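Notes for the one structure printed next.
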Ligand code: CA
């Protein structure tokens, strides 16, 4: 492990700021379905992400970092609240018209930062619900991000494959013409509105399953939508749109301390990067979308430099869950993947209890304050809330599942996290800080409709992730005492309620 300079040690020893000195800005960049192997900093030779790699090589590059969950909504819920998502029965993949998942009186990361004196902004992908149900999209939609701690928000409500396909700024649909009101329904279509099933001639992207409702920008979506034509996004412009909002936010807050949550939509489906990225890789739209995401990070770094605040800004880069190739559209992701391994050789991916579901890229970068380090420490995104609180002098309530782990995140010391309950589609497994992961037997199919492995096994499985990162050898029979110990631990953590489902 490389040693810090005395200066860096001093800077990080107390995390104290003198009067008049501004607290560092904190930016969380969260990609969507980006795998451990999709970032060239981890050694991939098949894709090049030079801007993301700049964070990895100039900061702490984590080899053993985890999301709590293998899907978006629960993973983001844990990041925002510091709580295990499987404790909240509603923390499942949400439709685009779902009510706000986080209660207004619930403790959150942006609330903590705001109470510590920060301006707080959320830009990009949301997928934590908004409103109270039966949303009228033609009025200000609330409660939403602004009611759970963000002073400013400019978001897509759910995912880029779900309606409504509009940007929502501080609760208002951007660019809405009131004479063409917008309506959303996830149960039934609006009479006369085209759908992917009835109007295949309108499609320029073919659906595989599920994505066969309303058509926007020639792409079929999940859910039905009517009206709001002037507000509808063009997928190819989404990265540019949010980069513009990101730059505006940073410029507006360059003279104060701010916390920015920047949710990249790439490389989630539908993969429709801007035309200038077409052919940037040999892997088709998924690879090109990752290059687009890397470009966004380059724009972020460049803008912080332009504003002269890069060395007063901590940037945390990660992904909400593991990668997936076929996820509902025919977009050549499977056909053109070639030698590329999105999980970096790990088994499973998005939706899976196998390691590829939750083992994600994570880099913590702070120019001049955090020394470059390649870290094997075991860390989880859920711990960022209490850890950042420790850094900025924020307060956290008792009883969080996340733990204060700032020294590990800044590369200054060993991780305090001993184990982690990981979740996929409401099923759980136990990952230890050591080499082990224990997956209980779970009912259900081994693979989903597109062939992605879910990690539903018939018997208890124990894998040594150091010796067997691809999880090919269940060694439970060789370690009966360890297996029993991990069973008891998982049962204690979950009250035995959601094991053996
Ligand atoms: Ca995701």
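Residue order for 403, 439, fewest other beta carbons within 10 angstrom first, comes to 403, 439. Note on the stretch 172-190 and the stretch 29-51: Cα centroid distance 36 Å, given to the nearest whole angstrom. Taking other C-beta atoms within 10 Å as the exposure proxy, 453, 305 rank 305, 453 from fewest upward. The packing ranking, built from the mean of other Cβ atoms within 10 Å per residue, places the peptides 87-93, 419-425 in the order 419-425, 87-93, highest first. Going by neighbour counts of Cβ atoms within 10 Å, the residues 426, 69 line up, fewest first, as 426, 69. In the chain, Rg over Rh equals 0.95, where Rg is the alpha-carbon radius of gyration and Rh the Kirkwood radius from pairwise Cα distances. Taking the DSSP bridge list for the chain and keeping only pairs wholly inside it, about 50 percent are antiparallel.
In this label model, residue 204 and residue 236 are separated by 0.5 nm, measuring between points 7 Å along each Cα→Cβ vector. Within the stretch 277-435, the proportion of Cα pairs with more than 28 Å between them is 34 percent.
Report note on the peptides 124-135, 458-469: ranked by the mean count of other C-beta atoms within 10 Å, highest first, their order is 124-135, 458-469. The Rg/Rh ratio for the stretch 61-155 is 0.97, where Rg is the radius of gyration of the alpha carbons and Rh is the Kirkwood radius.
Relative contact order for the chain: 23 percent, from Cα pairs under 8 Å spaced at least 6 residues apart, divided by residue count. From the alpha carbon centroid of the stretch 436-501 to that of the stretch 200-242 is 38 Å.
FYI, it's all coordinate maths here, none of it is from the lab. It should be emphasised that the depicted structure is a prediction, and the values quoted were computed from it without experimental measurement. Every residue, glycine as well, gets a Cβ built from its backbone with ideal geometry; the counts of neighbours run over all protein chains shown.
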